[in-house]
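The values are calculated or read from the model by the stated rules, or taken from the named source; none is laboratory data. Just so it is clear, the model here is predicted, and its values are computed rather than measured. Ideal geometry is used to build each Cβ from the backbone, glycine not excepted, and the neighbour counts take in all protein chains shown.
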Amino acid sequence: MKTKTAFILSVIACFMFLASVAGYAQGGGTPMAKKGICEYGKTQYQRGLVDDAVHEFTKLLSIDPDNAVAKAFIALPPKEKELEAARKRLDILKGQQMTLTQMMEDVCPYPDDACDYFGTRGSLCEYAVRLYKEGNVDDAKHEFSKLLMLDPENPTAAEYLEHMDGSCLRLSSDLVAVKQEIAMLLLKEKELASHIASVYQMSCE
């Protein structure tokens, strides 16, 4: 009798197990099972086993198509590659910026930039000098020309304009372009890094 009862109980347990497996395969995985797959996927990803992690998260999506963590981690590798590429490009551009800045100093030396004025003329002079030193030679040339219209004998403006030949303009244009690209990439780097960090912090609960 005991043997028969034990047999019946084992059959029932086996049936329940098979039913739970079938339900799991059809998208009815228990929250605990889903969490286990999710946590394992995160662990594999953090260990650098990206392919294994993606496999686990793909498995998780097969039983929970709306799982936000799985979707975020599967989309993460391209974002990380994009961040790596942006940082490599930034390193190159920063080197170019240093080279161009040095060339600007060699080819376009700063004349005496004393702006001994008050009010409009002083502000205009200082603004023009700042533009020049930042590499915005074309804009500086425009501002110094305005200053000469107000004060035709202005020595500072005349001396700066004398240095603004074609070489300075070309270097200035290149330097401004490099600075603009650096600014764009720094913003992109910040956004990508923030996104990646937020994915790593997602909870499997």
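Output the number of the condition that Cys168 fails; it satisfies all remaining conditions of (1) surrounded by 18 or more Cβ atoms within 10 Å (Cβ to Cβ); (2) in contact with a Leu (Cβ under 8 Å, 6 or more places away or on another chain).
For Cys168, the exception is condition (2).
Counting only residues that are farther than 19 Å from Gln102 by Cβ, among the aliphatic types (A, V, I, L, M) and in contact with a Cys (Cβ under 7 Å, 6 or more places away or on another chain), how many does the stretch 130-156 have?
Residues flagged as farther than 19 Å from Gln102 by Cβ, among the aliphatic types (A, V, I, L, M) and in contact with a Cys (Cβ under 7 Å, 6 or more places away or on another chain) within the stretch 130-156 amount to 1.
Is it the case that Lys79 is surrounded by 13 or more Cβ atoms within 10 Å (Cβ to Cβ), in contact with a Cys (Cβ under 8 Å, 6 or more places away or on another chain), in contact (Cβ under 8 Å) with a residue 24 or more places away in the chain and among the basic types (Lys, Arg)?
Spelling it out, it is not the case that Lys79 is surrounded by 13 or more Cβ atoms within 10 Å (Cβ to Cβ), in contact with a Cys (Cβ under 8 Å, 6 or more places away or on another chain), in contact (Cβ under 8 Å) with a residue 24 or more places away in the chain and among the basic types (Lys, Arg).
For the stretch 171-186, give me the residue count where each residue is modelled with pLDDT under 90 and either under 30 Å from Met32 (Cβ atoms) or buried (at least 16 other Cβ atoms within 10 Å of the Cβ) (or both).
Going through the stretch 171-186 one residue at a time, the tally reaches 5.
Considering every residue within the stretch 112-120, establish whether at least one is part of a helix (DSSP H, G or I) and in the same structural domain as Glu189 (by TED's automatic domain parsing).
yes
Taking the condition of being assigned to a helix (DSSP H, G or I) and surrounded by 14 or more Cβ atoms within 10 Å (Cβ to Cβ), how many residues in the stretch 187-203 meet it?
Residues flagged as assigned to a helix (DSSP H, G or I) and surrounded by 14 or more Cβ atoms within 10 Å (Cβ to Cβ) within the stretch 187-203 amount to 7.
Suppose we filter the stretch 51-82 for residues that are under 22 Å from Thr30 (Cβ atoms) and outside any helix (DSSP H, G or I); how many remain?
Qualifying residue count for the region: 4.
Of everything in the stretch 36-50 that's free of Cβ contacts under 8 Å to residues at least 40 places away in the same chain and part of a helix (DSSP H, G or I), which residue is surrounded by the most Cβ atoms within 10 Å (Cβ to Cβ)?
Filtering the stretch 36-50 for residues free of Cβ contacts under 8 Å to residues at least 40 places away in the same chain gives 36-37, 40-41, 43-45, 47-50.
Pick out the ones that are also part of a helix (DSSP H, G or I) and you get 36-37, 40-41, 43-45, 50.
Working: Gly36: 15, Ile37: 21, Tyr40: 17, Gly41: 25, Thr43: 13, Gln44: 19, Tyr45: 22, Val50: 14.
By that ranking, first place goes to Gly41.
Among the numbered conditions (1) surrounded by fewer than 14 Cβ atoms within 10 Å (Cβ to Cβ); (2) over 30 Å from Met184 (Cα atoms), tell me where Leu148 comes up short.
(1)
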